[in-house]
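Remarks on the structure that follows.
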Amino acid sequence: MKKLVLSIIFMLGFATTSYATSSVGFTISNADINSTVTDDIDSNGTTDTTKDISNGITFASIFFEKALSDNMSVGVDFIPFEAEFESRSTTQVSLKDSSTTTSGTNKGTADVSKHLTFYIQPQKEIRDGLKVFGTLGFVRADVESLVQSVSSTDKTVEQDLDGIKLGLGLKKETGFGFIKLEYSQTDYDDISAT
């Protein structure tokens, strides 16, 4: 699998509890996951198929955030469940010897769990409790890829997934905490299930 890029189009965070400079809350995100998948379906060392895939998902997360000053916050965001980031299949015909052919479907999935984002958010108040902020984050997750192949043995590959998150948004202080609206992109490392 090639690059996974997570673009969060809409992110709404509600602070449910606020302790002076610390907050705990939840986030609802709508994301578009774009990836490029390359396969060597006949295991001969050459790329046989390349496919661009886009998946739209909605998910929730929990965040813990601490204000270091009026203009700087740090936090951690955790997705408390497993999600399927990638799923694809392709049909293959395999020549076993000079006269016998086998056909079937190769399948693969990539499930992501323990998704953590550690972030820093510099911010500037523009008026009446409304702030503009930027996000710089380091993302860490576990990936389990399951590959089912017609021409070879099925396998499961477990890997670490790291990425960098960049974002820009608005934050509005309210009587019960704050609300955020953010656009961000996360660029993940390449993963491979070969």
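The values are calculated or read from the model by the stated rules, or taken from the named source; none is laboratory data. Not measured: the values here are computed from a predicted model. Please note: Cβ atoms are built from the backbone with ideal geometry, for glycine as well, and neighbour counts cover all protein chains shown. Note: areas computed on protein heavy atoms with side chains; ligands, DNA, RNA excluded. Shrake-Rupley method; radii C 1.70, N 1.55, O 1.52, S 1.80 Å.
Consider only pairs whose beta carbons are under 8 Å apart and that are at least six residues apart or on different chains; among these, list those whose first residue lies in the stretch 165-189 and is at pLDDT 85 or above and whose second residue is outside any strand (DSSP E or B).
K172/G129; D187/K3
I'm told S98 meets every condition in (1) open to solvent by 60 Å² or more (accessible area, probe 1.4 Å); (2) modelled with pLDDT of 65 or more except one. Can you identify the failing condition by its number?
(2)
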